[in-house]
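Before any comments, here is the structure.
What follows draws every value from the coordinates through simple rules; no lab data is involved. For clarity, every value in this text was computed on a predicted model and none was experimentally measured. Methodologically, a virtual Cβ is constructed for each residue, glycine included, from the backbone with ideal geometry; neighbour enumeration extends over all protein chains shown.
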Amino acid sequence: MRRRQFLQASAMASLSALAYPRSASAQMGGMPGMSGMMGRWFTSGSVWPTGLPLRQVDVLANTSLVADEFAGMLVAAPYLASLVSGHTTELWGYNNTFPGPLIELWEGQRVTINFANRLGLESTVHWHGLQVPADQDGSPMDPVAAGNDRAYTFDVPLGSAGTYWYHPHAHQTTTLQVGHGLAAPLIVRSADDPPATLPEVTLMVTSLSLDQSGRVATAATAMAGMGGMMMAGNGVLLVNGQKLPLHAMTPGATERWRIINATADRYLRLGLDGHRFTVVGTDGGLLGQPLPGLTEWLLAPAQRVEIVVTIAAQQSARHALRDLGYGGGMMGGAGGALMTVETGRGPAQAPVELPAVLRPVADLGPATAQQRVVLSAAGMGMMGPFLINGKSFDMNRVDLETVVGRVELWDLVNVTFMDHPIHIHGTQFQVVGRTVRGVAAPVGYPAWLDTVNVPAGETITIKTRQTLPGRRMFHCHILPHEDAGMMAVLDVQAS
Ligand SMILES: [Cu+2]
């Protein structure tokens, strides 16, 4: 298939996946109504300010005086924030910010992050999507006890420029910790970055559930964590910690937006009112060439996308970036408007030509091994808890084995009634196959992913390779599913 057809087929494929989950949730009878009722319960009484100018996430200062090195300090601790009128909210933050500070790195840099855990429970910092050594990956096997410190040290691989994020990955409390605000963006930069001439905006999407006194509704997170209920989160969707912020643009301006789905459990089907946009990058960085003319993009929990937006040349106009809604087999509707773009009164900016070629996405080469990963549910197959290859997570058990450098095909087989976004630590992979109800369907475009959505009833085949030895997690990134055991261990042996 020629490349353009390939890309279009993929965009179509992601649209065709929509019909199934809707019918699945319709089968649940009166329960969607219950979900709506709970949504009101957990958010009523909290009046969120909207329409404030979009804030940029604070950048973590580099305290290293040595060239090609980055050093920084992260303190995870509870702190009080004013989020809704009339109340203060205890969040858990990195350096008392929500989201946490943006870590900006360059390919080839040596990185040292000193981490102080001042939470009341064990935590870790997981560098989601970055290829770091297994013992620096912040996995649940490697917790930092409450009150303790540790240093994370790694080198940023060449070719890894892209949009990432970091968050806690502690055993069974990831939902709780991320749900209290612990998550932050991380960007790896490269001198070879054709869209770098464009103004850039980082949009970190999180969800937060507050009760009527403005407290983080831990009951909601704990309940969701009880076995992975088929319910989308009740939280309010926030962009850079704000509800429905206002982003000012010059009429006709072109910008590069890095969008991070840092929610615990929400699919984001992104659209910009009245506009088409161009995708230029996914989890692991740039595509080989721009993918233009899109009206929507499905961003599963933990995924990132880089889009280029040219806003209409009309002056003083408002357009919403919104979540158009995608159940993924869960109940819960569209998240609605996430951010308002408002054009000014100045003269329209001239259109910007994107480079035709971005950065090659190389094939990993012929696969020499195959693995099968079956996503299933215990019990009646509806409510979870969800399993991987028939088992619940045990960090002392090895579930799959591989060897450094070995290229493998993994069949991710979803026999449950809902979608699961599967994340593999320590690598970036490519989607090479897709089977819908036994029939091969068009697969994606060549792109680097560390998290792939496996729709209900489908099989997604990925080509993957680990470059460093050690034990790695792979798991569902709907965090209540992960906490309830939808996770497994990949042992990567030295070659
Ligand atoms: Cu899941």
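A few comments on the model shown:
- Radius 9 Å from Cβ of V201, net charge of other residues (Lys, Arg +1; Asp, Glu -1): 0
- Gain on full extension, evaluated as 0.36 nm per residue between N389 and D192 minus their Cα-Cα distance, stands at 66.8 nm.
- Footprinting exposure proxy for I388, I113 (fewest neighbouring C-beta atoms within 10 Å first): I113, I388
- FRET efficiency for A248 and R110, using Cβ-Cβ distance with R0 set to 51 Å, rounded to 0.05: 0.85
- Counted by Cβ distance under 12 Å from T89, the other residues give a net charge of -1, where Lys and Arg count +1 and Asp and Glu count -1.
- Gyration tensor verdict on the stretch 438-495 (Cα atoms; rounded if a/c is under 1.5, prolate if a/b is larger than b/c, oblate otherwise): oblate
- Of the residues T124, G159, A183, the one whose Cα sits farthest towards the positive end of the charge dipole of the stretch 47-186 is A183 (charges of +1 on Lys and Arg Cβ, -1 on Asp and Glu Cβ, taken about the Cα centre).
- Charge dipole (debye, nearest 20) of the chain; +1 at Cβ of Lys and Arg, -1 at Cβ of Asp and Glu: 1100 debye
- Across the stretch 254-378, the mean sequence separation of Cα contacts (distance under 8 Å, 6 or more residues apart), normalised by length, yields a relative contact order of 29 percent.
- Anisotropy class of the chain from Cα gyration tensor, a/c 1.5 cut: rounded
- Shape analysis of the stretch 289-406 places it in the oblate category; the axes a ≥ b ≥ c from the Cα gyration tensor give an a/c of at least 1.5, with a/b not above b/c.
- For the chain, the relative contact order comes to 16 percent (Cα pairs under 8 Å, sequence separation of at least 6).
- Here the sum of -39500 (n - 2.57) over DSSP H runs of 4 or more residues, divided by the residues of the chain, equals -3000 deg cm²/dmol at 222 nm, to the nearest 500.
- Sequence-ordered 3J(HN,Hα) estimates for the stretch 205-216 from the Karplus curve with 6.51, -1.76 and 1.60 and θ = phi - 60° stand at 9, 10, 10, 9, 9, 10, 8, 6, 9, x, 8, 4 Hz, glycine and proline given as x.
- What separates the Cα centres of the stretch 69-120 and the stretch 126-149 is a distance of 15 Å.
- Computed from backbone phi with θ = phi - 60° and the Karplus coefficients 6.51, -1.76 and 1.60, the 3J(HN,Hα) list for the stretch 425-432 is 6, x, 7, 10, 10, 10, 7, 10 Hz; x is used for glycine and proline.
- Computed FRET value (nearest 0.05) for T435 with R397, which takes r as the C-beta separation and R₀ as 25 Å: 0.30
- Shown is the FRET efficiency for D273 and A67, computed with R0 = 51 Å from the Cβ-Cβ distance and rounded to the nearest 0.05: 0.65.
- 11 Å reach of a label modelled at E353, 7 Å along Cα-to-Cβ, counting backbone N of the stretch 241-261: none
- Stretching the chain fully between R345 and A312 yields a gain of 10.6 nm (0.36 nm per residue, less the alpha carbon separation).
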